[in-house]
Structure formats: structure tokens, C-alpha cells
Amino acid sequence: MYSFDVYDTIITRRVYEPKGIWELMSFILLQDGDKWDLNLQFKIDFAYIRSDAEKQARKKDSYEITIDDIYNVIKKNHNLSSELCFRLKQLEMQCELKNTIVIKENIDKIIKLKELDEQIVLISDMYLPKSFFVELFEKVCPMLNDLKLYLSCDIGFTKVSGLMYEYVSEQENVQYSQWIHEGDNIVSDVNVPELYGISTVFYTKEENTDLIKRMEGIVMHYSSILRQYLLGLISRIGVNTSRGYRIGYGFVGIALYTYVDWILKQASGRNIKRLYFIARDGFILKRIADVIIKEYELDIKTFYLYGSRNAWRTENEEQKNLVLQYMEQEFMGDYTSMALVDTQGTGRSIECLSNIIGHKFIVFYYALFGDAINRDIIPLCFSTGVGGSIIEVLCRAPHGSTINYEYRDGKILPRLKPISEAAYRRADLFSYFKGVEDFAKDFTEINNIAGEIPKGNISENIVGYCLKTTDRELADFLGDIPFDENNINEMSIYAPKLTKESICKIELERTTEKLNMVYLGNELDISYCRLNSEEREYLEECKRKFIKKTKIKSNNALKIIIYGFGVYGKDLYHRLHLDTKIKIVDIVDVNHQRFAGKVPIVSPIKNIKKNLFDILVISVFNEKVAKQIRNMLKSAGIEDKKILDLKEFERKYEEI
């Protein structure tokens, strides 16, 4: 005879932990407040109340409890009516029903055993009644209702006591030596039955622990219900899936989903019926949108619009005319109830398009760099500007950038730069796209079950994490993605792996050259994150040697303070360190603590006032952020004439 445990062996919950069901109930009680005559604190604390009630119920002198026993404790402890307790109990079973799915590998095993006409029973230590399981099995796998089910709450005996195995042996007239039991609990499904001589199979679900830890670090700051569902989804990713799929499904998916979900809500609220996702960043975003639109039956159509800064910022009149014809063709001459979708930028390219077309477009941006008012576009921004180019990296498309347009086959079509498909396969981008799309399908299904799950700013946190990652697997994936910020070299990758020779050129041999003269990637810190321990030690050695290099500064050397020691601050320091006409008197950063123990020394921003200096350089690329820093410094008493942003300093440096 073969027997199987039920929960976490042949079926499981969508949530990460069993208590996730009670956290979902708490979420529902808070969402549907008017329907439940319960005080606010009870709704907030429900998951704890439910857990504690089960512990109290189990203290009674019997082998097993029922769900009625649990809710009788809640009724007594919180002075609830019988009707209210009945409704709570029904809500719990409904949440279990909606959030239970099969474990396919073990269902397949049962099907094969049935085909061989083997004797099979199900055994579960569970407080939920048999009628619940009949309904549940009918929903998730009707075949299970053909099997005899032994429930501890129905019989009064448990597996962990051993009495359940004795009872089943007697009922099924089977010898222990002729019995194989499979389950996920090492005590009740393995150790106890083995004592009786029953053969056992310990079912363990291999989890991607690194994936779970990565997401756990992010989601711990958000609602418990979001944590339960995200970690539940991630825990079911197969351990043998590819790196691209794991990162697409298990990390980046929720970031892009949240942005697209926001776009669709904004579009619905503004009566926008058509969304044009701009190539190339719009490729995966459109796929996510199509999933959500189909699931919710939204009255919105999506289109993919080929374009680029090179194609739209043209001064060539013939090309401008082709742009106009292409847009007339794609928009079908109708510019009402429509909007464009992009990731990030200054808005300049779409302003150029607006001027060619003669229409002021509504544009959805993940982030817009620059002023959002008095523009030839109507920008709607999701984020305040986190991430920079990383959001474009996360939204790569499997085709080249748009060069311009041409008349071909009776239509205006885009001319695309050729790409190396092999490079996209090496980067595992096709698996990544599938991972993101599969996540969108699964999370949309969960939203339909649980209601609108609050996601907060999780998208921005994940994008920020990608940019500043110290996670080598993530860095290796991001680094290999084909990317060139200026769309010039389609063979370029985002953050290439470095050799010792290239590390030496960047950190030791380079003097006044800009970083892009010796580094062919876009994000040096991510390239550094890809180093192994030996290469990392070599990197630090090169940095120490460079710091020790000195040159006698001229008497009238310009004394500067570098504000901000990110990518641009580090590059500026490297270029100026050995320049005899420049003396760096200090480096300051608003988060100086993260550079503790490293060279060069980075000081707190309060040290600015302790130094004598000629110029303070704000080494921040984002003009909006740089402006905010300038205003803060001026308010703190720093002379405005001494404060320069990066562009202003570069002009000044050329004069020196």
C-alpha cells in the first residue's frame, strides 16, 4: 500500500507559510471593514489571534482538534457571537480553497500508481473537516476524491502519536512491511512510521534560498501579505531553472509589474484607450500589460512603436517626413484617447516627435530627468528618478535600436541596427523575458484571488538594489546584458567582467583620462561586483598604490571639495588626484558612513565648513538632484558662486 500526506506533499498553499492564510484574512477584514463588526485592533492582530487560539485549543486532553475547537477559543477570548465566529471560520476555509494548488510531481506519482492499480490512501494531521477536502479536491484535482482520506480531526488520532498508522493498518488490513508512506514532516511522516516498520519517502522541496533571501531583504519593509505571496511564488521556482528566468521571475518581475500596473490604472482613470509602448524599453512592459489587460478584461489596446532618439531628433527633412508618415500609419490618424509609454529620459526625444507631429503627447515615464512643466509633452511620472539607466537595462528588447524609417512593401517600416542574437542568448535574456511574463501571469492571478495587494515603492527599491548590488549572481546577469546608453555599439554590454590588466588600467595607470577612455561598460561598480576574491584584493591593492602616488601641487592650485562619492565622484577624484593645478582638500558624502575604513577618506558633509576651498563640485549627474543639493548648501551658508555642478566644472576645468 502507498500512503501520502496531504498539505505540502500533494497540495500546497500559494502563500509562503501556513500563517499567510491568517495574514490574508487580516488583510480582508481590514479591506472589508464595514462587513465585519470587529474592532480595528482585532483585525490588525488577527493572524496572531488565530495562531494563539490553535495553541490554546491543543492544550486540551485529546489527540487532535477541529477548526470548531479553534474558533471556540477565539469566541471565548474575544467575546464574539456564534454568528461572527461562524463567518470567520467560513472565511478561513474560503481563503484555503482559493489559495491551494497541487504539487504536480507528486500528483503525477499518484496517477502512475493508480494506473498500476496500486492501493493508495491519503493521511493528514489536520483540523479542517472532510467536507472541506472534498470541495478542495474537486477544485484542484478531482481524482483525489477517488482515494480514501484519513483525517486526524475526523478520527481523533494523529500521525505524530503513531495511533493514526495503527488505525489505518487495521482499516486497510495492511501489514506495516507492505506499506510505503510519503510526506514532508521528518517526525510524523518519517521517524514515527519507520518505528512501525513502514517504509518512508521524505518529500523535500528544494528552494532557491539565495532568491528567497534576496527578496526577503526587500519585502521585509512591506505588508505581510505581499511578503507571503511574493516569497510563496519564489519558493516554487525550480532549482534547475536558468539564471535569467530566476532573476526575471523571482526579483525583477514585481518591479516592472508594479510600474505597468500603475500605467494601466492611470490610463483607465484618464479614459486612455490606446497605449503605445516605445521600442526598445517597451518590449517587456507591453507583454506585462497584455497579461494584466487580458486577466481584468480592460478596455485598453496596446501597440509597439519603433523609435529612438536618433530617429526622432533628426534634422533631415526627408526623415522628418518619414517619421510623420510612420506615426500617421501607427496612430491611424487618431491622436485622441492615447498615450506613449517609456522608461526614463529627459523627454527631449518625444518633444522632438511632438514637434514633428504637431501633437502634445501624454507620456508615461518610470522616471523623467529634468523639469516636468512647460514641456511639449504631458509627462506622467511613476518614480522620482531612482535608478538611472538601470531601468533601461532591465527592459532590454531582442532587437536593435531604430536608425530611421523607410518605405518598404507598401508601408513605412523602421530600419533597425543589427544585433548579435548569440549575445542575447549568452546573457540568458530570452529566459529572463519568459520569467518576467510568467511572474506577471501568476501575480495577476493572485491579485484576482486576494484583491489589490499593496505594493508601495517596492519597484523603486528593487531597481535601486540592482544599481547598487553587491549580489554577484545579479551582477553577473546584469553585467552581461547588451547595452549602450548612446545606442552606438550594439555589441557593448552593461558591465563587463574585468581582467587584472583592465583593473590596473582603470585604477592605477589612469591619471587625468575620463573613465570611459579605459572602461567600455556603463556601470563600473557592477563590474567590480563580478570580481572573485583574488581579483578584488588586486583591485584594492591598485587603489592603495594610486592613493600613494603624489605630485607637487602648484602654489596657486585650485582647492576643491568633491560632494558625493558615487560613480561620478570617484571618476572625478581619479582624474584630479595627480593634476598639479588641482588640490582636492576633501571628499564629502551625505552617507559617508558607507565608505568607513576605505581609501580615500570620505568625510561627513558638515566638514565642508571646516575647509578653505575655491570650488565645491556636486558630482551628481541628475540635474534635479544636483539642484536640490545646491539649494541645501546655499541654505547652509555656502556661497553660491563656489558651487558648481558637473557640467559647470567641466567648462571651468577646460579653462585651467
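Observations, loosely collected:
- Those strands (runs of 3 or more DSSP E) of region 130-243 in which 1 or more residues are in contact with a Ser or Thr (Cβ under 8 Å, 6 or more places away or on another chain) and among the charged types (D, E, K, R) occupy 180-183.
- Selected residue (only one of Asp342, Asp376 is touching a strand residue (DSSP E or B) at 6+ places or on another chain (Cβ under 7 Å), of a type in the set (D, E, K, R) and touching a residue at least 24 places away in the same chain (Cβ under 8 Å)): Asp342
- Here region 36-73 is the region considered, the condition is being open to solvent by 90 Å² or more (accessible area, probe 1.4 Å) and among the aromatic types (Phe, Trp, Tyr), and the residue that is nearest to Lys130 (Cα to Cα) is Tyr63.
- Sole exception among (1) at pLDDT 95 or above; (2) surrounded by fewer than 17 Cβ atoms within 10 Å (Cβ to Cβ); (3) touching a Ser or Thr at 6+ places or on another chain (Cβ under 7 Å); (4) assigned to a helix (DSSP H, G or I) for Glu295, by number: (1)
- Condition check for Val599: open to solvent by 30 Å² or more (accessible area, probe 1.4 Å), farther than 25 Å from Leu368 by Cβ, in contact (Cβ under 8 Å) with a residue 24 or more places away in the chain and under 40 Å from the mean Cα position of the chain (by Cα): yes
- Look at (1) open to solvent by less than 80 Å² (accessible area, probe 1.4 Å); (2) more than 30 Å from Val174 (Cα to Cα) and you find that Ile110 fails only one, number (2).
- Matching residues, region 324-358, being touching a Leu at 6+ places or on another chain (Cβ under 7 Å) and over 20 Å from Ile263 (Cβ atoms): Ile356, Ile357
- Identity of the residue in region 621-656, open to solvent by 40 Å² or more (accessible area, probe 1.4 Å), of a type in the set (A, V, I, L, M) and in contact (Cβ under 8 Å) with a residue 40 or more places away in the chain, that ends up nearest to Ile582 (Cα to Cα): Ile656
- Candidate set: region 154-172, residues that are at pLDDT below 95 and open to solvent by 60 Å² or more (accessible area, probe 1.4 Å); chosen: the one nearest to Tyr127 (Cα to Cα): Asp154
A quick yes/no check of all residues on (1) buried (at least 20 other Cβ atoms within 10 Å of the Cβ); (2) more than 30 Å from Gln119 (Cβ to Cβ):
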position: Glu182; (1), (2): yes, no
position: Ile186; (1), (2): no, no
position: Pro193; (1), (2): yes, no
position: Tyr196; (1), (2): no, no
position: Val201; (1), (2): no, no
position: Thr209; (1), (2): no, yes
position: Arg214; (1), (2): yes, yes
position: Tyr222; (1), (2): no, yes
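- Scanning region 560-582 for residues being surrounded by fewer than 16 Cβ atoms within 10 Å (Cβ to Cβ) and in contact (Cβ under 8 Å) with a residue 40 or more places away in the chain gives a total of 3.
- Close pairs (7 angstrom Cβ cut-off, 6 or more residues apart or separate chains): over 15 Å from Val252 (Cβ atoms) and modelled with pLDDT under 95 in region 436-448, surrounded by fewer than 19 Cβ atoms within 10 Å (Cβ to Cβ) and not hydrophobic (A, V, I, L, M, F, W, C) anywhere: Asn448/Glu295
- Which numbered condition Glu317 fails, given (1) surrounded by fewer than 21 Cβ atoms within 10 Å (Cβ to Cβ); (2) over 26 Å from Gln344 (Cα atoms); (3) within 22 Å of the chain's Cα centre (by Cα): (3)
The values are calculated or read from the model by the stated rules, or taken from the named source; none is laboratory data. Please read these numbers as outputs of a predicted model, since none were measured by experiment. Cβ sites come from the backbone with ideal geometry, for glycine too, and all protein chains shown count toward neighbours. These accessible areas exclude ligands, DNA and RNA; they are computed on the full protein's heavy atoms, side chains included. Shrake-Rupley method; radii C 1.70, N 1.55, O 1.52, S 1.80 Å.
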